[in-house]
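Note sheet for the following structure.
The values are calculated or read from the model by the stated rules, or taken from the named source; none is laboratory data. Treat the numbers as computed from the prediction; the structure is a model and nothing was measured. Keep in mind that these areas ignore ligands, DNA and RNA; they rest on the heavy atoms of the full protein, side chains included. Shrake-Rupley method; radii C 1.70, N 1.55, O 1.52, S 1.80 Å.
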Amino acid sequence: MNTMIVERADGCTALEALNRKVISPIGSQHEFGMLLGEQIHKVAPLPAGSIYVGISLDDGAPVVMDITKSYRGSLLISGNRQSGAATTLVQAIAAGLGHVFEPDKAQFSVITSACYGWENWESLPSCNGIFPSDGLSIGKIVRQLATWMRHRDCSQSQLLFIDGADLLLGLDANVSILLRNLLLFGPAQNIWPIVTVAVEDLVHLEPWMDCFRRCLVHVSTDACSIYNLEFAMQENSTWCRFSILGCP
C-alpha cells in the first residue's frame, strides 16, 4: 500500500479532549511513541524503505509511505483546522520513524507556527529540530536542505514536516524558489516534504498545488476516539480507509 492520504475526521469535542490527553506532544510524546511502537511491532516486518502511517480498516494490513520511490513526490495532508487531525497524522509518522529507522538512516525536521504543539519532540534522536515559522528560520532550514540536495550519494533520508501550508505564503522570493525546488525535486534526493493544510486554506494554496504529486481531500466523519479517527488513501480508483493505531 502507498500513501496518497486523505484526512477523514472532524473536530468533535470528545476527540479534541482525547488529543490533548493522549496524543498531544505536550507531556505525552513518549506515550504516543510507545503506542506507535507497539502497533509497528504487531505488523512487523514492514516493507524495506517504508515508513509506518497506519492500519487499513478494510483488511488490517499496514499502510506505509515508501521513501524509496521518488516519483511519488511531496505529500499534502488536508484536514479540518479545528480537529488538528492532519498534524496528528504527521506526528504519528514522526513518532514511528525511530521505530523503523536508525537516526543515521532517517531524520525529520519541523517548521511550524505552533512550536508549543511540538514541545518535547526535539528530544527524539531522529529529530533535527523544531523551527518557528519566522522568515529567518524558514530560510535557514530551506537553504540547508537545498545544500543537502547536492549530496547525491547520501543514503540518509530527510523528512521535512511543514505543519501549516499557510507558512508557504509571503516568503522571501529567493526562499520561495528554494522551497518550491525542495517540494518538486527533494524526493529524488531523498528529501521528503510533508505539508499539512487546513481545508479552509486550500484556496490560498493554489499557486503551490503543482508542487504536490499526492494531494488530499478532506471528508468529515463523527470520529470521537484516536482509534476511530479515520483517514483514507486512494489507490487507483479505490479508496482505502485506515486509522493510525488500527481498531481497538
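Do you know which residues across the range 1-34 are within 17 Å of the chain's Cα centre (by Cα) and either modelled with pLDDT of 50 or more or closer than 15 Å to TRP121 by Cα (or both)? Even if it seems obvious, please write down each step before you answer.
Step one: filter the range 1-34 for residues within 17 Å of the chain's Cα centre (by Cα), giving 1-9, 19, 23-25, 29, 32-33.
Within the range 1-34, ILE23, SER24, PRO25, GLN29, PHE32, GLY33 qualify.
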Practice problem: Inspect the range 102-115 for any residue being open to solvent by less than 10 Å² (accessible area, probe 1.4 Å), more than 15 Å from the chain's Cα centre (by Cα) and among the hydrophobic types (A, V, I, L, M, F, W, C) and give the result as yes or no. | Solution: no
Quiz prompt | Filter result for ILE111 (at pLDDT 90 or above and outside any helix (DSSP H, G or I)) | solution = yes
Practice problem: Mind listing just one residue for me: the one in the range 184-235 that is open to solvent by 40 Å² or more (accessible area, probe 1.4 Å) and part of a strand (DSSP E or B) and, of those, modelled with the highest pLDDT? | Solution: ARG213
